[in-house]
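Notes for the one structure printed next.
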Amino acid sequence: VDWLLKNGDVIPVTARSIEALSRVQIDFKHGAVCDHGGAVLQANGELDLEFHAIQQSNLAPLQDRMTQLLSELNQIAQSFGSVRTWVVTENDLNLYIVLKQNDPEPLFLNELVKHLPQNIYDDFYLHMNGNNLAIIPHSVSKKNATEFLLQKIDPEQQRFCIGFGDSLSDFGFLGLCDWFGMPKNSQLH
């Protein structure tokens, strides 16, 4: 990490919230993609207002739907087990929904998703990782946010871009990179 920080512009692309990323003990100085691509930070750590306005426009029709989905998810989950649900929000904008199993075993999310309303896929995609399920609007993606940020910092696409990822949700943004790597035994591998 020290070598990367010394020799390149390291930009985290993460599912973490802005607040959770602020607790990471690495000095990122070139911006960030947070919240599965729902928020972009500028180099100074401030919210990129241009990207935020784009997300506000894209997500406006889904704000109430995300709140309604929480109730539906809790009803569906009753026959499977104990869960917690919430809407991930940044700067007064609902970005996506999280459902987390309270008991790590047995995992039942694969069965639970079979009972989601079929029209959910019109507006959302699913990302599962262990006992976590994220229901994410199509406009919120690490790929979209990374594309925006790369265009902003390198409009001529002259810089060599290396990406690292371990999650299936990383695949889209890794495809924008000149080279990428992943750890073995990861979800992406």
Note to self: For a quick check of your reading of the model, give me the residue pairs whose first member lies in segment 83-103 and is touching a residue at least 24 places away in the same chain (Cβ under 8 Å), whose second is of a type in the set (D, E, K, R) and surrounded by fewer than 16 Cβ atoms within 10 Å (Cβ to Cβ), with beta-carbon atoms closer than 6 Å and at least 6 apart or on different chains.
What the structure shows: LYS100/ARG84
Notebook entry, point to check: What are the residues in segment 42-67 that are among the small types (Gly, Ala, Ser) and loosely packed, with under 14 Cβ neighbours inside 10 Å, if any?
Noted result: GLY45, ALA53, SER57, ALA60
Next item on the list: Could you identify the single residue in ALA39, ALA15, ALA20, ALA77 that is surrounded by fewer than 17 Cβ atoms within 10 Å (Cβ to Cβ) and under 22 Å from ASN132 (Cβ atoms)?
Entry: ALA20
Check: Taking segment 157-189 only, how many residues are charged (D, E, K, R) and under 18 Å from ALA145 (Cβ atoms)?
Finding: 3
Note to self: PHE160 - would you say it is hydrophobic (A, V, I, L, M, F, W, C), part of a loop (DSSP other than H, G, I, E, B) and either open to solvent by 70 Å² or more (accessible area, probe 1.4 Å) or modelled with pLDDT under 85 (or both)?
What the structure shows: yes
Notebook entry, point to check: Residues in segment 162-189 that are of a type in the set (A, V, I, L, M, F, W, C) and more than 20 Å from the chain's Cα centre (by Cα): how many?
Noted result: 1
Item checked: PHE148, sole failed condition from (1) open to solvent by less than 50 Å² (accessible area, probe 1.4 Å); (2) touching a Leu at 6+ places or on another chain (Cβ under 9 Å); (3) not charged (D, E, K, R) -> (2)
Notebook entry, point to check: Any idea how many residues of segment 1-57 are outside any helix (DSSP H, G or I), farther than 10 Å from ALA145 by Cβ, at pLDDT 90 or above and of a type in the set (Asp, Glu)?
Noted result: 1
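The values are calculated or read from the model by the stated rules, or taken from the named source; none is laboratory data. What you see is a predicted model; the values in this text were computed from it and never measured. When we count neighbours, we look across all protein chains shown, and the Cβ atoms used for this are built from the backbone with ideal geometry, even at glycine. Note: areas computed on protein heavy atoms with side chains; ligands, DNA, RNA excluded. Shrake-Rupley method; radii C 1.70, N 1.55, O 1.52, S 1.80 Å.
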